[in-house]
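The values are calculated or read from the model by the stated rules, or taken from the named source; none is laboratory data. Model, not experiment: these values are computed from the prediction. All Cβ positions, even for glycine, are placed from backbone atoms using ideal geometry, and neighbour counts span all protein chains on display.
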């Protein structure tokens, strides 16, 4: 039987605009889902937890380029708030249970099942279409 030593948590309900319309759905999926995975990691002895966060956590940052040390107290959407909550949960589990965690703050993700409304998808589609 194989032992799981790492969890890469990439699942989430994405999108700033829909999160404003459905904040509870985003909370239930993103925050509660993250908590369930952190608990599973703790109970099973997983050593590392990788959390897919978002550049949305920066809100309206005053400094460009962004810094990982930026204060995350001013978010502008329920989606961003759920990602901040996920990062704080990860930090808490790291402190309490010695779980090694890293949060990756993605900007625009490119690839299969990417969001068709984002610029990277539209540009790529137009390039391939000629």
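Results for (1) under 26 Å from residue 23 (Cα atoms); (2) exposed (fewer than 14 other Cβ atoms within 10 Å of the Cβ); (3) at pLDDT 85 or above, shown as yes or no for each residue.
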{"site": "65", "(1), (2), (3)": "no, yes, no"}
{"site": "86", "(1), (2), (3)": "yes, no, yes"}
{"site": "99", "(1), (2), (3)": "no, no, yes"}
{"site": "113", "(1), (2), (3)": "yes, yes, no"}
{"site": "121", "(1), (2), (3)": "yes, no, no"}
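Please specify each residue of the stretch 34-54 satisfying the condition of being in a helix (DSSP H, G or I) and touching a helix residue (DSSP H, G or I) at 6+ places or on another chain (Cβ under 9 Å).
34, 35, 38, 39, 41, 42
Condition first: farther than 20 Å from residue 66 by Cβ, touching a strand residue (DSSP E or B) at 6+ places or on another chain (Cβ under 8 Å) and assigned to a helix (DSSP H, G or I). Now tell me which residues in the stretch 85-130 satisfy that.
Step one: filter the stretch 85-130 for residues farther than 20 Å from residue 66 by Cβ, giving 89, 92-100, 111-117, 121-130.
Okay, now just the ones that are also touching a strand residue (DSSP E or B) at 6+ places or on another chain (Cβ under 8 Å), so 93-94, 99-100.
The answer is 93, 94.
Inspect all residues belonging to the stretch 35-43 and state whether any of them is surrounded by fewer than 18 Cβ atoms within 10 Å (Cβ to Cβ), touching a residue at least 24 places away in the same chain (Cβ under 8 Å) and farther than 14 Å from residue 90 by Cα.
No.
Exactly one of these conditions fails for residue 41: (1) modelled with pLDDT under 95; (2) within 13 Å of residue 6 (Cα to Cα). Give me its number.
For residue 41, the exception is condition (1).
Somewhere in the stretch 54-62, is a residue over 17 Å from residue 10 (Cα atoms), in contact (Cβ under 8 Å) with a residue 12 or more places away in the chain and touching a strand residue (DSSP E or B) at 6+ places or on another chain (Cβ under 9 Å)?
Yes, the conditions are met somewhere in the stretch 54-62.
Any chance you could count how many residues in the stretch 67-84 are under 16 Å from residue 16 (Cβ atoms) and at pLDDT below 95?
Looking only at that region, the number is 4.
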